[in-house]
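Input: a single structure, listed below in structure tokens.
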Amino acid sequence: MPPPNDDVGFHPAALLAACVFPGAGHLVRGEKSRAAAVCVGVMGLFLGGMLVGGIDAIDSKEDRPWFYAQALVGPVAFGVDWYHQNKLKVIDENGKLRSANPDEGRDPATGKAVKGGTPPKSMSVGRVNELGMLMAGLGGMVNLIVILDAGFPSKRTDGAPANKKTGNVLESVVIEAAVNTAMAGKGGT
Amino acid sequence: MFTLAYRPFLDPLPLQDLWFVLLIPVSLLVSLAYKAVRVQDMKQLHRQVIAMTIQVTLGMVLLGALVFVTITYLLPIIAPKPS
């Protein structure tokens, strides 16, 4: 097993990069494989949520509490939400944004609802909507852990029990001290 | 029911009856992202991800079973409906 990570402390550049895109913080610190795994995990959850629930799962206006968690993915979440609000929703008679009905289309020039067209996206309902929002939200929450790890790295324990690791270290220190003492005693006599 | 051709990312997947299958990819991806920042040696990543995925999946199944038994069998005993 390799020695614990000694690159601990505060890394502002890694913190900033991690906030911009999942995995970029670890890439800045030179941990390429860790960055790739993080990116696949977080973006897999976010894009998986979009695939399951459709883009309707990312909605800062109609599902604001969920968007608070999804926003932790970073600018990607804000970009998807902006596209959803401004390019896929329609403007109704009162000037308000809403999802198009199944029998409505969207006028690309004005953004207004047009009867008889194809809706730019479908609204998701029920379980798939819940699971889509949940997956994207989980991606954001896991990314918060990733951001903190990139900006404030600590010694990794590999999830092993602390006493076991401490025991191993203490054991090796005691053995080393005993060997040194024995060698010193042998050399002295 | 779809009346139009399916458009990925714009339309939801038709998984209303198979939603529970999504537990496995969700567990896998959460485990991958979490273990990526936890493991010391990246060579151990796949092993730890598989172990955590199994733990999370079985844990959720057990919790679901526990809630089912509580609501279906225990709750009527604890708080029977007034006749």
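Enumerate the helices (runs of 4 or more DSSP H) found wholly within chain B, keeping only those where 1 or more residues are within 14 Å of chain A (Cβ to nearest Cβ) and open to solvent by less than 50 Å² (accessible area, probe 1.4 Å).
Qualifying helices (runs of 4 or more DSSP H): B:23-38, B:45-69.
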Exercise. Within the bounds of the range A:120-128, is there any residue that is of a type in the set (Ser, Thr, Tyr), over 30 Å from B:Met42 (Cβ atoms) and crowded, with 20+ Cβ neighbours inside 10 Å?
Worked result: yes
Seminar exercise, completed: Residues of the range A:63-81 being open to solvent by 40 Å² or more (accessible area, probe 1.4 Å), closer than 17 Å to A:Leu131 by Cβ and not aromatic (Phe, Trp, Tyr), in sequence order, are A:Pro65
For this session: Within the range A:140-154, track down each residue that is more than 12 Å from B:Ala33 (Cβ to Cβ) and surrounded by 21 or more Cβ atoms within 10 Å (Cβ to Cβ).
Result: A:Ala150, A:Pro153
Seminar exercise, completed: Residue hits (the range A:82-106; open to solvent by 50 Å² or more (accessible area, probe 1.4 Å) and not polar (S, T, N, Q)) are A:Trp82, A:Tyr83, A:Lys87, A:Ile91, A:Glu93, A:Gly95, A:Lys96, A:Leu97, A:Arg98, A:Pro102, A:Asp103, A:Arg106
Seminar exercise, completed: Here the residues within the range A:11-47 that are within 17 Å of A:Leu138 (Cβ to Cβ), surrounded by fewer than 23 Cβ atoms within 10 Å (Cβ to Cβ) and at the interface with chain B (Cβ under 7 Å from one of its Cβ atoms) are A:Val40, A:Gly44
Problem set entry | A:Ala109 being crowded, with 19+ Cβ neighbours inside 10 Å and assigned to a loop (DSSP other than H, G, I, E, B) | no
Exercise. Closer than 19 Å to A:Met135 by Cα and more than 12 Å from the chain's Cα centre (by Cα): does that describe A:Met43?
Worked result: no
Problem set entry | Number of the exception - A:Leu47 against (1) out of contact with any helix residue (DSSP H, G or I) (no Cβ under 8 Å at 6 or more places or on another chain); (2) over 30 Å from B:Gln44 (Cα atoms); (3) in a helix (DSSP H, G or I) | (2)
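The values are calculated or read from the model by the stated rules, or taken from the named source; none is laboratory data. Note that the structure is a prediction, hence the values are computed from the model and not measured. Ideal geometry is used to build each Cβ from the backbone, glycine not excepted, and the neighbour counts take in all protein chains shown. Keep in mind that these areas ignore ligands, DNA and RNA; they rest on the heavy atoms of the full protein, side chains included. Shrake-Rupley method; radii C 1.70, N 1.55, O 1.52, S 1.80 Å.
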